[in-house]
1. So for the range 89-192, Kirkwood radius off the Cα pairs, Stokes-Einstein at 4 °C and 1.567 mPa s: how many µm² s⁻¹?
2. Taking 7 Å along the Cα-to-C-beta vector as the label spot, tell me the residue 57-residue 281 distance in nanometres, rounded to one decimal.
3. Considering amide H positions built from the backbone, and no H for Pro or chain starts, which residues 5 or more places from residue 54, or on another chain, come under 5 Å of its amide H?
4. Do any trypsin sites (Lys or Arg not before Pro) in the range 150-237 lie in a loop, going by DSSP, with at most 14 other beta-carbon atoms within 10 Å of their beta carbon, and if so which?
5. Testing the spin-label approximation: label points 7 Å from Cα along Cα→Cβ at residue 47 and residue 120. State their distance in nm.
6. How far, in nm, would the chain grow between residue 171 and residue 40 when pulled straight, counting 0.36 nm per residue and subtracting the alpha carbon separation?
7. Would you mind checking the pairs 110/154; 193/218; 105/211; 190/211; 218/280 and listing those with alpha carbons more than 24 angstrom apart?
8. Once the Cβ-Cβ distance between residue 142 and residue 101 is put in as r, and R0 is 25 Å, what FRET efficiency do you end up with, to the nearest 0.05?
Amino acid sequence: EQLTFKNALEKYKERQKWIQKHVKHLKRLKKRQINIPFKSIVAVFNHSNLWVNIHDSCDPTRICYDLDRGVQFGWLPVIRGRAGAQRSHIESHYPSRSLGSMLSKEIVSKLQRTVYHEIVSGIENFRNSRDMPTRIADESTNIPSLINDALDAKYAYDLVDRSKINGWNPKKGLWETGTPGYIKYSTYVKRLKRLHSTCLVGYRYRISFVKVHSSDPKEIRKAMVRRQREEASNPDNERGIPIYEESHQGREMFAIGVKVIPLYGSLCNVWVGVMCMFPKANEDHEEAPDRASLSTLERI
């Protein structure tokens with residue numbers, strides 16, 4: 001085994017010398033001339049194997065990518081028995097365990113209803129303890145559905161890294177038109193604008209989104225409360241109170257959206273959106289508060 005590895009390594013070194021001797025343009029190549037989203041590559045993997053980079057460099061412009069040829073071409077396969085793999089004595093320190101399937105649609109739907117009722121109960125209990133009436137918008141208003149649409153778009157947008165390959169321009173601080181990142185961002189903003197347009201004339205609104213890595217409804221409610229208290233303590237928050245404490249002589253209305261994102265292994269992410277619409281303090285200036293609310297939405 002050691003002899004095979006040594007022979008392969010010698011062949012790899014000979015090939016590297018040949019490249020450096022005959023392909024002179026590689027020496028003149030600069031990273032800024034190539035759109036590569038990585039500064040260095042230590043290892044690569046796919047669904048079948050993992051290869052460790054044993055080149056003399058981790059520079060993406062100075063290495064080859066003939067993974068199937070293994071050690072001879074600068075990549076050491078970790079998993080034995082696969083194409084180009086060397087025998088290995090590396091064993092996992094934990095029991096091998098495959099991920100289970102995703103939660104079924106029925107379970108996801110049931111969990112969303114359970115979380116929704118937990119959030120509603122939490123808001124109603126708090127407000128009842130302070131003799132504040134509570135109105136919750138139902139599905140007939142279409143507002144909860146629009147919140148769920150915004151949560152869908154928010155989840156998809158959060159999956160996009162701010163990298164050049166996705167169209168992010170760090171100098172301008174924005175997405176280039178037509179790129180994957182721009183499309184996801186535009187979809188998110190459109191959903192927010194649709195939600196913004198539901199605000200009644202003479203009213204303004206507040207909204208809070210929170211993501212929770214738990215399927216426990218009570219933990220999700222606690223996370224929602226913590227998030228709103230944090231937002232209320234922010235010096236930029238002109239209201240200075242959590243959304244669920246808004247009181248305007250019974251004219252305020254709440255809307256709640258819940259989106260469960262199923263993952264493999266029966267895990268999930270839960271997004272919750274809580275919105276409150278209430279009368280403006282000064283109805284002579286209707287537009288400015290609405291625009292302020294929309295700009296706040298886009299930053300969520």
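1. Numbers: Rh = 18.1 Å.
Answer from the Stokes-Einstein relation: 71 µm²/s.
2. 6.2
3. 75, 76
4. Those that pass, being in a loop and sparsely packed, are 162, 171, 172.
5. For residue 47 paired with residue 120, the spin-label model returns 4.1 nm.
6. Values: separation 131, 0.36 × 131 = 47.16 nm, distance 2.18 nm.
Difference between extended and current length: 45.0 nm.
7. Flagged as over cut-off: 193/218; 218/280.
8. That gives a FRET efficiency of 0.15.
The values are calculated or read from the model by the stated rules, or taken from the named source; none is laboratory data. The shown structure was predicted, so the numbers you read here are calculated from the model rather than taken from an experiment. Cβ sites come from the backbone with ideal geometry, for glycine too, and all protein chains shown count toward neighbours. Side chains are part of the model used for accessible areas, which takes the heavy atoms of the whole protein and leaves out ligands, DNA and RNA. Shrake-Rupley method; radii C 1.70, N 1.55, O 1.52, S 1.80 Å.
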